[in-house]
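A short worksheet on the structure shown next.
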Amino acid sequence: MKSFREKLFTYRGYMPIPFLLVMFVYAQPSVWTVAIGAVIIVVGEMIRFWAVAYAGGLTRVTGSVGAPEVIVSGPFAYVRNPIYIGNITTYAGFGIMANALFPWLLIAAIAWFVFQYHQIVFLEESFLEKEFGKTFIEYKKNVPRFLPKPKAYVSAVQSIQLPKWKEAVQSERRTFQALTLVMAIFIVLWYLR
């Protein structure tokens, strides 16, 4: 039987849906919330896209935690979980854009996703430490979990861990579609107000 953390990992892609539904129902978008929210969403997706270019298609795995290596290049040289930081930033952008039950729904959503990702990261890091031992422990010692550091971690493997931009575009295609659809809905709701 799967643990709570494993279930959170498996279903992490569906977790934003309840928050989005509440946002749609209680949306009170204005020109300013739409504009500011859209900028934050784009920044969040740029962080996520940069990370996916280095991590590859493994970011789409839903069965169980796994990785062929410890990624230490690109945004991973500054923070261990750039994809989750990008996701939280994007969710915050939607909360601002919707202006639904503001600020309480936004605070609740961010609190939930911080909790969820903390649980998932515990699971992922346990795997990485078991699988890669000293390599991951050294990386973990030098790179913060969620708050990026200003100076990049330097490792010999960074010269071979290069971004795969075309693979990232393929991997993120559904994400781009979902972001565009949700943003369009909030823009329509604003227009109809």
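Of everything in segment 157-168 that is open to solvent by 70 Å² or more (accessible area, probe 1.4 Å) and assigned to a helix (DSSP H, G or I), the residue that is nearest to residue 13 (Cα to Cα) is 167. For residue 141, the conditions (1) of a type in the set (D, E, K, R); (2) open to solvent by less than 100 Å² (accessible area, probe 1.4 Å); (3) within 26 Å of residue 118 (Cα to Cα) are fulfilled apart from (2). All conditions but one from (1) closer than 24 Å to residue 122 by Cα; (2) open to solvent by less than 70 Å² (accessible area, probe 1.4 Å) apply to residue 185; the one that does not is (1). Taken over segment 102-135, the criterion of being open to solvent by 80 Å² or more (accessible area, probe 1.4 Å) and not in a helix (DSSP H, G or I) is satisfied by 102 alone.
Among residues of segment 131-151 that are polar (S, T, N, Q), those with a beta-carbon under 8 Å from a residue that is in a loop (DSSP other than H, G, I, E, B) at least six positions away or on a different chain give the pairs 135/70; 142/153. Of the residues 36, 41, the single one that is open to solvent by 50 Å² or more (accessible area, probe 1.4 Å) and either in a helix (DSSP H, G or I) or at positive phi (or both) is 36. Does residue 176 fit the bill of being over 18 Å from residue 80 (Cβ atoms), aromatic (Phe, Trp, Tyr) and part of a helix (DSSP H, G or I)? When the stated conditions are applied, residue 176 passes them.
The values are calculated or read from the model by the stated rules, or taken from the named source; none is laboratory data. Small disclaimer: the values here were computed from a predicted structure and weren't measured. Note that we place each Cβ from the backbone using ideal geometry, even for glycine, and neighbour counts take in every protein chain shown. Side chains are part of the model used for accessible areas, which takes the heavy atoms of the whole protein and leaves out ligands, DNA and RNA. Shrake-Rupley method; radii C 1.70, N 1.55, O 1.52, S 1.80 Å.
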